[in-house]
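Here's the structure, in structure tokens; my notes come after.
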Amino acid sequence: MDCILAIDQGTHASRALLFDHAGRVVARSLAPVTLRRPRPACVEQDPLEILDSVHASVDAVMDSLDARRRAAVTCGGIATQRSTVLAWHRNGAPASAALNWQDTRGQPRIDALKAHATSIHRLSGLPLSAHYGASKLHWLQQLLASEPGLQFGPLVSFLLQALLQEAQAATDHSNAQRMQLFDIRRLEWSPQLADWFEVELERLPPCRPLSHRYGTLAGHDVPLTAAAGDQNAAWFANGRPPDDCAHINIGSGAFVMAQRPADGSVDGLISSIAWSDARHCDYLVEGTVNGAGNALEWLRQKYAIEQLPQRLPAWLEAIDEPPLFVNTVGGLGSPFWCRGPEPAFHNQGKPPDDAARAVAVVESILFLLQYNLERIQARRPLTRLRIGGGLSRLDALCRKLASLSGLPVERGDEREASARGIAWLAAGRPDGWEENTVFERFLPHPDTSLQARYRRFLDLLQHRLGEGHD
């Protein structure tokens, strides 16, 4: 039976998985990658470490196959972390660190463009933010202005040049859009956006559809037929998404996606590209919570909490009235789009212990997701939610989300949403993909205490934002 190779390069690890044409996992491998925070607002990764981790995971999966199964790998796809950028030489050697999507060192350029914020959002589909690629690319091009012949662009472009026999850099439409230099309607780089951000477009790679023959994976002779941002790929984890469903993915950040309303965008949220080929493009509306898994990591480090992941499930079951947490880890995403005040706990009574703090952080993620969901539902009614990502394995989180939203939450049995989605795209979007997914359902139940904390959370957040924090 034919198989599809999926490469999923994420913030903390690179994964390679092999799927059959019904969406079942045949083989998998993982290689971790590290994250550096050398200075405030600076979050970096080593491009060669990322590349080595991709090679290691792919080689491990392919080497695990016998000759017959290896010959049956007919195509592959790659999903990458979005908004991460770097510079590299024409021969493929990196010329800079990879500036991670959490990196906001380009904020001065963002501040200088506030008068153009509405036009930038209209052209790119993205609110003006240092989390996207343009301000980071501006910073890199200024830093490396004296070095001729460099290429700049999203991480996917560097990886494609390094991984393909053809050694050609390119970027798919979904990763290109996350650069905030891409015209979301014309599906090409925008001279106007490049002029505002002072970025040289001729140094950026060409834009291609998500479904496209990018080249052949060197060393394995596998055609690469799809590329996408990791969250865009996760939208397709179970094949064609239902019209009445929003997809939530909770990893380092958290994202909620739904089909874009026919009459346009949703105020304060992102217009994103779901899928494209040479003739067609489908769009999404997307909400972003910057502080999810990385907010729990912030908590672990700040309070030196040992074995936080292992203890969290029991804490979520035991703590009924946690404090409120102003979750501005990584800045506030949609629909606020600002740095906000410093992360802080607000409690009534005695100071919280580690368990209460951890539950408060989890609830803050859900509260921010719910605020985005309410904006989506005002324009597009939903009847259910599907959830994936590492934190979705927490049963109590899924139950709280169902009770908070009033919608049933469906969790698939396959954790690798981005990998599964990019495999489906690479395979040509076959029918029957969902038939082999077992969904666990979490039904909503009345929880007046949770609802009350949500309302207090919104009031607290608005109050703190009104104190003059940007």
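Derivation of every value follows stated rules applied to the coordinates shown; laboratory data play no part. No experiment lies behind these values; they were computed from the predicted model shown. Methodologically, a virtual Cβ is constructed for each residue, glycine included, from the backbone with ideal geometry; neighbour enumeration extends over all protein chains shown.
If you plug the beta carbon distance of GLU467 and GLN142 into 1/(1 + (r/R0)^6) with R0 = 41 Å, you get a FRET efficiency near 0.75. Neighbour counts of C-beta atoms inside 10 Å place VAL361, VAL25 in the sequence VAL25, VAL361, starting with the fewest.
Within region 178-218, the trypsin sites (Lys or Arg not before Pro) that combine a DSSP coil assignment with at most 11 other C-beta atoms in a 10 angstrom radius are ARG186.
Sparsely packed loop sites in region 260-344 (the chymotrypsin sites (Phe, Trp or Tyr not before Pro) outside DSSP H, G, I, E and B with at most 15 other Cβ atoms within 10 Å) comprise TYR303. In a simple Cβ point-charge model (Lys, Arg +1; Asp, Glu -1; nothing else charged), region 3-231 has a dipole of about 480 debye relative to its Cα centre. Please enumerate, by chain and number, the aspartates and glutamates with C-alpha under 17 Å from the C-alpha of LYS114, excluding those fewer than 8 residues away in the same chain. Straight-distance partners of LYS114: ASP195, GLU198, ASP470.
Length available on full extension from GLN165 to THR74: 0.36 nm per residue minus the Cα-Cα distance, which gives 31.2 nm.
What the Cβ-Cβ distance of ASP320 and LEU65 gives, at R0 = 41 Å and to the nearest 0.05, is a FRET efficiency of 0.25. Between region 128-174 and region 357-416, the alpha-carbon centres lie 33 Å apart. For region 3-231, the relative contact order works out to 20 percent when only alpha carbon pairs closer than 8 Å and six or more residues apart are counted. One chain, two ends: ARG39 and LEU187. Fully extended at 0.36 nm per residue, the span grows by 49.8 nm beyond their Cα-Cα distance.
Note on ARG279 and LEU201: with the Förster distance fixed at 22 Å, the Cβ-Cβ geometry gives a FRET efficiency of about 0.35. If you find the alpha carbon centre of region 181-239 and of region 17-80, how far apart are they in angstrom? Here the two parts' Cα centres lie 19 Å apart. Here's the list of lysines a cross-link from LYS350 could span, going by alpha-carbon distance under 21 Å and ignoring same-chain residues fewer than 8 apart: LYS302. Applying both filters, DSSP loop and at most 16 other Cβ atoms within 10 Å, to the trypsin sites (Lys or Arg not before Pro) of region 9-112 gives ARG24, ARG90. Each residue in THR328, THR383, THR225, THR80 was given a count of other beta-carbon atoms within 10 angstrom of its own, and listing them fewest first yields THR383, THR225, THR328, THR80.
For region 19-79, relative contact order (Cα pairs under 8 Å, six or more residues apart, normalised by length) works out to 29 percent. Normalising the average separation of contacting C-alpha pairs (under 8 angstrom, six or more residues apart) by the number of residues puts the relative contact order of the chain at 15 percent. Summary: within the chain, the longest segment free of GluC sites (Glu not before Pro) located in DSSP loops with at most 10 other C-beta atoms within 10 Å is 1-305.
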